[in-house]
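Undergrad: Handing you this structure, nothing more for now.
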Amino acid sequence: MYPSPMAGSSSGKQHVFQAPRGTRDFYPAEMLRRRWIENAWRQTAVRHGFEEIDGPRFEHADLYTVKSGEGILSELFSFTRAGGETRFALRPEFTPTLARMVAAKAASLPKPVKWFSVGPYFRAERPQRGRLREFLQWNVDLLGSADDDEEAKARQDAEVIACCVEMLRSCGCSSDEINIRISHRGLANQILDAAGEGAFNDYKNGLAFIDCLPKLSAKERREKAQELGITPEEAEFIITAVEHPLDLDNPDFIYRKTGRKDPARIHSAKWINPAGELKSLLSNLNSMKMSAWCNLDAAIVRGLDYYTGLVFEVHEVSGKERAIAGGGRYDKLVELFGGAPTPAVGFAMGDVVLANVLQDKGLMPSDEQLADELGLRPDVFVISTGDDASEDALLGVVAGLRQAGLHARHTYKTTRNVGKLLKEAANTGARFAAILENAETCALKDLESGEQTDGVSVATLVELIRAGRAT
């Protein structure tokens, strides 16, 4: 049960507000973990040659309805200004913004475009484990240059997946714990073509049925099929095709595995060669030493309408969490927003599920390790012994150290007990403590080794601390 956003006395003199449902407050410890994840995202993307971009936190709502219809607004935080008519929406994802940005400057952009972004996103849905109304997301996209070259697309698909894998590896995950489940929208649509005429509503109902199969019992599958207008025979065909191992070397494998005798429909489908594209992708992933992380799974279709080929999701092997990341190929989206035909592939990874996985596996560093890795540990904690000369020098010494580029702190407590202040210094994670003797000299203590040197000139503090030594 969630508390009321505002509680207080009936007189109205006191109000206690809670954070909105599905959002988070980031206190210093939580902010450290957030920064560490963002840092891992950025470092991985930069190592793989992607450049950082960003867009507005809100867009014209039409950016989302043009593809998905007015019904999508119920899933978004949308609004109009007081007295205004234009409807805006807080961004639920980045891909439409990306497509708009590429379309606007397509002629002047170098090809391929390799961009990434990190920022907050918003979804108006019921909060639950792994899914909040406000979250952070890492988006990695590669656009252009592949045209209709199947092998070039496969290389780009593999490069994007490799970036995702390397980020997880850098956090301590292994292929025994994390799996990249790969499929192809063409493969799913071929299965639906082969299943029968059905009430597939331009594939949407059939894709929805495939997408939910891993989550449903046999009884729930029958009920879902009926709800979507799929006959029991069609449903059985789809289930059998999806759950059998994929044989990419057999062009009629869908029918052979399911017992269908007539493969004619597959050759009239608009999806020419999903098996060939998947084989090329797996070959490239093998060359990049990523094969151990990846496997084919025909149940992966992804919910968004704009995918045109490869689709993939990143899952914890235990299945305890939602997908850690997901993405695919969207070759028609830039064109939809007024740009030239532009082949494109990308993925998004949210911080909520990723943090859950890292915490559960003991891979999230301690607060002390996080501060160290992020370069946030204080270099020096300056201590006054309380005598007049030391007290008078304190603020000037701290200011001088900060002006020299060091992270310097001091106490705000009234005590001048050196033992207690050394404990406070250690609790901040400071590397050194400088105990002022007067304006010119101090005792410099290495808080890691315990080594202390008295009579150190304050003028040499910066040099000694940068050198990492007490003498």
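Undergrad: Quick check: anything in the range 392-403 in a loop (DSSP other than H, G, I, E, B) and modelled with pLDDT of 95 or more?
TA: First, the residues of the range 392-403 that are in a loop (DSSP other than H, G, I, E, B): none.
No, the range 392-403 contains no residue that is in a loop (DSSP other than H, G, I, E, B) and modelled with pLDDT of 95 or more.
Undergrad: If you don't mind, another one. Just checking: which of the strands (runs of 3 or more DSSP E) contained wholly in the range 10-122 hold 3 or more residues that are surrounded by 13 or more Cβ atoms within 10 Å (Cβ to Cβ)? It would help to see each step written out before you state the result.
TA: Details: elements: 58-60, 78-80, 87-90, 113-122.
In the range 10-122, the matching strands (runs of 3 or more DSSP E) lie at 58-60, 87-90, 113-122.
Undergrad: Take Asp141 and decide whether it is under 17 Å from Lys332 (Cα atoms), in a helix (DSSP H, G or I) and modelled with pLDDT of 95 or more.
TA: Details: under 17 Å from Lys332 (Cα atoms): yes; in a helix (DSSP H, G or I): no; modelled with pLDDT of 95 or more: yes.
Considered against the rule, which asks whether it is under 17 Å from Lys332 (Cα atoms), in a helix (DSSP H, G or I) and modelled with pLDDT of 95 or more, Asp141 comes out as no.
Undergrad: Are any residues in the range 366-396 buried (at least 18 other Cβ atoms within 10 Å of the Cβ) and of a type outside the set (A, V, I, L, M), and if so, which ones?
TA: Pro378, Asp379, Phe381, Ser384, Thr385, Ser390
Undergrad: Still on this model: Just one of the numbered conditions (1) of a type outside the set (Gly, Ala, Ser); (2) touching an Asp or Glu at 6+ places or on another chain (Cβ under 6 Å); (3) loosely packed, with under 13 Cβ neighbours inside 10 Å is not true of Leu406; which one?
TA: Unmet for Leu406, out of (1) of a type outside the set (Gly, Ala, Ser); (2) touching an Asp or Glu at 6+ places or on another chain (Cβ under 6 Å); (3) loosely packed, with under 13 Cβ neighbours inside 10 Å: (3).
Undergrad: Please work out if Glu151 is acidic (Asp, Glu) and touching a Pro at 6+ places or on another chain (Cβ under 8 Å).
TA: Details: acidic (Asp, Glu): yes; touching a Pro at 6+ places or on another chain (Cβ under 8 Å): no.
Considered against the rule, which asks whether it is acidic (Asp, Glu) and touching a Pro at 6+ places or on another chain (Cβ under 8 Å), Glu151 comes out as no.
Undergrad: Let me ask something else about it. Does the range 66-103 hold any residues that are of a type outside the set (A, V, I, L, M, F, W, C), touching a Lys or Arg at 6+ places or on another chain (Cβ under 9 Å) and more than 19 Å from Asp141 (Cα to Cα), and which are they?
TA: Our first condition is that a residue be of a type outside the set (A, V, I, L, M, F, W, C); within the range 66-103, this holds for 67-71, 74-75, 78, 80-81, 83-87, 91-93, 95-97, 100.
Right, trim to touching a Lys or Arg at 6+ places or on another chain (Cβ under 9 Å) and you get 75, 78, 80, 91-93, 96-97.
If the condition is that a residue be of a type outside the set (A, V, I, L, M, F, W, C), touching a Lys or Arg at 6+ places or on another chain (Cβ under 9 Å) and more than 19 Å from Asp141 (Cα to Cα), then Glu75, Ser78, Thr80 are the ones that fit.
Undergrad: Let me ask another. Quick one: Asn438 ticks every box in (1) modelled with pLDDT of 95 or more; (2) in a loop (DSSP other than H, G, I, E, B); (3) surrounded by 14 or more Cβ atoms within 10 Å (Cβ to Cβ) except a single one, so which number is it?
TA: Tallying (1) modelled with pLDDT of 95 or more; (2) in a loop (DSSP other than H, G, I, E, B); (3) surrounded by 14 or more Cβ atoms within 10 Å (Cβ to Cβ), Asn438 fails exactly one: (1).
Undergrad: For the range 143-194, which positions are within 16 Å of the chain's Cα centre (by Cα) and under 17 Å from Val46 (Cα atoms)?
TA: Matches in the range 143-194: Val160, Ile161, Ala162, Cys163, Cys164, Val165, Glu166, Met167, Leu168, Arg169, Ser170, Cys171.
Undergrad: Among Glu424, Glu368, which is the only one that is at pLDDT 95 or above and outside the structural domain of Arg133 (by TED's automatic domain parsing)? Spell out the reasoning first.
TA: Values: Glu368 fails: at pLDDT 95 or above.
One residue alone meets the criteria, Glu424.
Undergrad: When you go through (1) touching a helix residue (DSSP H, G or I) at 6+ places or on another chain (Cβ under 8 Å); (2) free of Cβ contacts under 8 Å to residues at least 60 places away in the same chain; (3) on the phi > 0 side of the Ramachandran plot one by one for Pro341, which number turns out not to apply?
TA: Failed condition: (3).
Undergrad: Just need a number here: residues in the range 441-459 that are closer than 17 Å to Val397 by Cα and surrounded by 13 or more Cβ atoms within 10 Å (Cβ to Cβ).
TA: At the first step, the residues of the range 441-459 found to be closer than 17 Å to Val397 by Cα are 441-445, 454-459.
Checking which are surrounded by 13 or more Cβ atoms within 10 Å (Cβ to Cβ) leaves us with 441-445, 456, 458.
The total comes to 7.
Undergrad: Look through Val160, Val140, Val66, Val118 and report the one residue that is touching a Cys at 6+ places or on another chain (Cβ under 8 Å) and either within 30 Å of Arg322 (Cα to Cα) or basic (Lys, Arg) (or both).
TA: Val140
Undergrad: I've got another one for you. I'd like to check something: does the range 377-387 contain any residue that is at pLDDT below 95, among the charged types (D, E, K, R), in the same structural domain as Asp446 (by TED's automatic domain parsing) and out of contact with any helix residue (DSSP H, G or I) (no Cβ under 6 Å at 6 or more places or on another chain)?
TA: yes
Undergrad: Note down all Cβ pairs under 7 Å where the first residue falls in the range 419-437 and is touching a residue at least 60 places away in the same chain (Cβ under 8 Å), the second is outside any helix (DSSP H, G or I), and they're at least six residues apart or on different chains.
TA: Gly429/Arg377; Gly429/Pro378
Undergrad: Here's something else I'd like to know. Regarding the range 163-185, can at least one residue be identified that is touching a residue at least 60 places away in the same chain (Cβ under 8 Å), among the small types (Gly, Ala, Ser), surrounded by 15 or more Cβ atoms within 10 Å (Cβ to Cβ) and in the same structural domain as Ser287 (by TED's automatic domain parsing)?
TA: Taking the range 163-185 first, the residues touching a residue at least 60 places away in the same chain (Cβ under 8 Å) are 163-168, 170-173, 175-185.
If we keep only those that are among the small types (Gly, Ala, Ser) as well, we get 170, 172, 175, 183.
Those left that are additionally surrounded by 15 or more Cβ atoms within 10 Å (Cβ to Cβ): 175, 183.
Within this subset, residues satisfying the condition of being in the same structural domain as Ser287 (by TED's automatic domain parsing) are 175, 183.
Checked the range 163-185: at least one residue is touching a residue at least 60 places away in the same chain (Cβ under 8 Å), among the small types (Gly, Ala, Ser), surrounded by 15 or more Cβ atoms within 10 Å (Cβ to Cβ) and in the same structural domain as Ser287 (by TED's automatic domain parsing).
Undergrad: Separate question: From the list Ile53, Ile37, exactly one residue is under 25 Å from Ala124 (Cβ atoms), of a type in the set (A, V, I, L, M), touching a residue at least 40 places away in the same chain (Cβ under 8 Å) and in contact with a strand residue (DSSP E or B) (Cβ under 9 Å, 6 or more places away or on another chain). Which is it? Let's see the steps before the verdict.
TA: On the way: Ile53 fails: under 25 Å from Ala124 (Cβ atoms).
Result of the check over Ile53, Ile37: Ile37.
Undergrad: Looking at Gly71, is it closer than 23 Å to Tyr307 by Cα and over 24 Å from the mean Cα position of the chain (by Cα)?
TA: When the stated conditions are applied, Gly71 passes them.
Undergrad: Kindly list the number of the only condition in (1) part of a strand (DSSP E or B); (2) under 12 Å from Ile178 (Cβ atoms) that fails for Val357.
TA: Condition (1) is where Val357 drops out.
The values are calculated or read from the model by the stated rules, or taken from the named source; none is laboratory data. Here the structure is a predicted model, which means the values were calculated and not measured. Please note: Cβ atoms are built from the backbone with ideal geometry, for glycine as well, and neighbour counts cover all protein chains shown.
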